[in-house]
Amino acid sequence: MALPGTRARGWAAAAKIAQRRRHAEGARGSSSRAPPSSRAALYVHWPYCEKRCSYCNFNKYVPRGVDEAAMRSCLVTEAQTLLRLSGVRRVESVFFGGGTPSLASPSTVAAVLEAVDQAAHLPADSEVTLEANPTSPSGARLAAFGAAGVNRLSIGLQSLDDTELQLLGRTHSARDALQTLAEARRLFPGRVSVDLMLGLPAQQVGPWLGQLRMLLGRCDDHLSLYQLTLERGTALFTQVQRGTLPAPDPELAAEMYQEGRAVLREAGFRQYEVSNFARNGALSTHNWTYWQCGQYLGIGPGAHGRFVPQGAGGHTREARIQTLEPDNWMKEVMLFGHGTRRRVPLGQLELLEEVLAMGLRTDVGITHQHWQQFEPQLSLWDVFGASEEVKALLAQGLLLLDHRLEAAVSAQCQVDGLGISVFPPKEAPAVRPSTSWDRTTCCKAKDLK
């Protein structure tokens, strides 16, 4: 397959990309010291699917036909426009999500990556992830995505039980999933993530743990556990509401989560976020940007972003949402260069709430240095040290106030609560999940889009 890429470093093969980027980095000088305001992650939304799964309420469409050339052109244009408006000079990761982006042509992926690299710096080691369903990409197609610049795959496996897959409305079988996973690992060794769902109607702990253990014998170094959330307007929600399916049992789901965490820990996985587990250092760079409240640009129909529009003279971080419906989004991009439908300036309190909420999802938590990037005037000790609410939660065993310096880097998360550590300012204070998670909200959130 011919891929675009005669300019910049080109996109003929992944090896050439890396090699040429290294040469370019030497010429441009290192960008590793670029301030946070000039760095961002980039999310690209491909809105189309072959069919709608029974549990899904994401912004996706099942069209009769797709004008991919028009979609490609608009994705490129919007990426260029938002990079210019943001003033971002370094893109540290790119994530193609959806929808089912593995239905797009590798040439579309290549065109977007080339546009990003021309508008900003895309380092040689930048993480480029593509979401894939087990039925959409063949081995040759996965290889073509690798040649286009993808270096990490996220596979929506969801289950290894064919009955459960039919319940979820998935188009693949367990055999399809394992075959795709094996091919993905061959092509992207150490760079393949898989999703496994829990808490389905009538699902039991023992069989689900059997799936997890089987997957551990086949998977790579990153795995995400997602609890089913019944979303209004989905087929599965309607079936449960009408009584044709039993409602998921939250206690069983909590037990699956707890037992699953133990199994993964024994297999050498670090639970670095509520739903995400990695070994051999295979954390998702892109999602880590979300949890650290870094800037990210959202490209494509319905994509979300959070960045300071410095290139347009702005000084306040904005939450941005692109127009949902693909045809309307494309019309806006062709008229204005981007399809931003809503811009909401974030106040300081809103931003700090996000820093806390996102940081507490991770096992690292929130260090004093990280907090000061967003609030240089008040330390974490100032905010939490004398709080009566914190004292009450401490008495209930829901919070941990810890003065040990080493705890900031050694904390691990468990179940049955929420932990916060606070250090005096001279001891590199940190807010972190120390020994517990709220088990009722442990793993409901899908990776941020």
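The values are calculated or read from the model by the stated rules, or taken from the named source; none is laboratory data. Small disclaimer: the values here were computed from a predicted structure and weren't measured. Note: ideal-geometry Cβ built from the backbone for every residue, glycine included; neighbour counts use all protein chains shown. When the accessible area is computed, the model is the full protein with side chains, heavy atoms only, and any ligands, DNA or RNA have been set aside. Shrake-Rupley method; radii C 1.70, N 1.55, O 1.52, S 1.80 Å.
Of all residue pairs spaced 6 or more apart or on separate chains, those with beta-carbon atoms under 8 Å, a first member in the stretch 39-51 that is assigned by TED's automatic domain parsing to the domain that holds ALA120 and a second member that is part of a strand (DSSP E or B) and among the polar types (S, T, N, Q) are ALA41/SER93; LEU42/SER93; HIS45/GLN322.
Considering only residues in the stretch 234-263 that are part of a helix (DSSP H, G or I) and open to solvent by 70 Å² or more (accessible area, probe 1.4 Å), the one that is nearest to GLY199 (Cα to Cα) turns out to be PRO250.
When the stretch 312-329 is limited to residues that are open to solvent by 20 Å² or more (accessible area, probe 1.4 Å) and either in contact with a Ser or Thr (Cβ under 6 Å, 6 or more places away or on another chain) or hydrophobic (A, V, I, L, M, F, W, C) (or both), the one that is nearest to SER275 (Cα to Cα) turns out to be ILE321.
Every residue, every condition in (1) in a helix (DSSP H, G or I); (2) of a type in the set (S, T, N, Q); (3) at pLDDT 95 or above; (4) surrounded by fewer than 24 Cβ atoms within 10 Å (Cβ to Cβ), yes or no:
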site	(1), (2), (3), (4)
LEU83	yes, no, yes, yes
VAL88	no, no, yes, no
GLU92	no, no, yes, no
PHE96	no, no, yes, no
ALA110	yes, no, yes, no
LEU113	yes, no, yes, no
VAL116	yes, no, yes, no
ASP125	no, no, no, yes
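Here HIS338 passes the criteria (1) in a helix (DSSP H, G or I); (2) under 15 Å from ALA70 (Cα atoms) except the one numbered (1). Checking LEU212, LEU223, LEU165, LEU200 one by one, the residue that is part of a helix (DSSP H, G or I), out of contact with any Gly (no Cβ under 9 Å at 6 or more places or on another chain) and open to solvent by less than 20 Å² (accessible area, probe 1.4 Å) is LEU165 and no other. Within the stretch 252-276, being of a type in the set (A, V, I, L, M, F, W, C) and within 23 Å of LEU356 (Cβ to Cβ) holds for one residue alone: VAL274.
The single condition among (1) assigned to a helix (DSSP H, G or I); (2) open to solvent by 20 Å² or more (accessible area, probe 1.4 Å) that TYR290 does not meet is (2). Does ALA69 meet the test of being surrounded by fewer than 16 Cβ atoms within 10 Å (Cβ to Cβ) and modelled with pLDDT of 95 or more? Yes. From ALA177, ALA147, which residue is among the small types (Gly, Ala, Ser) and open to solvent by less than 10 Å² (accessible area, probe 1.4 Å)? Only one candidate qualifies: ALA177.
In the stretch 309-335, the qualifying residues are those that are touching a strand residue (DSSP E or B) at 6+ places or on another chain (Cβ under 7 Å) and in a loop (DSSP other than H, G, I, E, B), and the one that is nearest to TYR290 (Cα to Cα) is ARG317. Among residues of the stretch 56-72 that are farther than 24 Å from ALA235 by Cβ, those with a beta-carbon under 8 Å from a residue that is open to solvent by less than 60 Å² (accessible area, probe 1.4 Å) and among the β-branched types (Val, Ile, Thr) at least six positions away or on a different chain give the pairs GLU68/THR108; MET71/THR108; ARG72/THR108; ARG72/VAL112.
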